[in-house]
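Before any comments, here is the structure.
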Amino acid sequence: MKKFGISQRETAHTNGTMEDSVVVRNQRRLSDAALFWVCTLLTVGIGLAIAYSSGIINGQNGLTNLPYRFPDWSIIVMPPVLFLHLGLALFFALRQNVYTANGRTARVWMWVFWTALFVATSIAPYFVFYNMPLASYIVATIGCALAIGTMILMYYHSTAAGIVMTIFFLVSVSTMVYLGYWAFA
């Protein structure tokens, strides 16, 4: 049916109601508070259980040829801060809904990079506190490469997640430089 030279399909409004054209995604999700606690507590808890069983609690007494000795308390405090950053970034990224195929692909790769970064961050103290400077430098370098990838993918999902991962990356780079100096000096 044409009125005034315009067909009914070409008009902005049809005889249907607005409710007929709205798509509602009915997904069951955790609340933001529950997601926050799950992400941070699991990341910090599992990460600290792995990192603290490496001998980090004993301090730097058994390490040789260190270029600089940090206070023992700062070495013990570093893993919780790093794992808290990983958990916060994960929370900020996961609270964003993903509906497109590209978004789902980026989410899968974000999980892959994040998991590998979590493992590298967890096992790095083993190489450091078992006095293996070259191995610890290699793990720290791999961790920095994973942090770059994770940071880029986190920015894709959320600016807040990307900013938190940028801080994590900067700390990782400074740690890698220190471990490189230890390995090659």
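The values are calculated or read from the model by the stated rules, or taken from the named source; none is laboratory data. The structure displayed is predicted, hence computed values, not measured ones. Neighbour counts run over all protein chains shown; Cβ positions are idealised from the backbone, glycine included. Just so you know, the surface numbers come from the protein's heavy atoms only, side chains and all, with ligands and any DNA or RNA stripped out. Shrake-Rupley method; radii C 1.70, N 1.55, O 1.52, S 1.80 Å.
What are the extents of the Cα atoms of region 31-87 along their three principal axes, listed from largest to smallest and rounded to whole Å?
Its Cα atoms span 49, 18, 14 Å along the three principal axes.
In region 21-126, what chymotrypsin sites (Phe, Trp or Tyr not before Pro) fall in a loop by DSSP, with at most 11 other Cβ atoms inside 10 Å?
Of the chymotrypsin sites (Phe, Trp or Tyr not before Pro), the ones in loops of region 21-126 whose Cβ has at most 11 other Cβ atoms within 10 Å are TYR68, TYR99.
For region 87-180, report the % of Cα-Cα distances exceeding 22 Å. Spell out each step's value before the answer.
Working: 1287 of 4371 pairs.
The answer is 29 percent, as a whole percent.
Over region 88-140, with a single point scatterer placed on each C-alpha, what log10 of the ratio I(q)/I(0) does the Debye formula yield at q = 0.17, 0.19, 0.23 1/Å?
Each listed q maps to, in turn, -0.63, -0.69, -0.83.
Roll a 1.4 Å probe over the protein heavy atoms and report the accessible area of ILE50 in Å², nearest 10.
60 Å²
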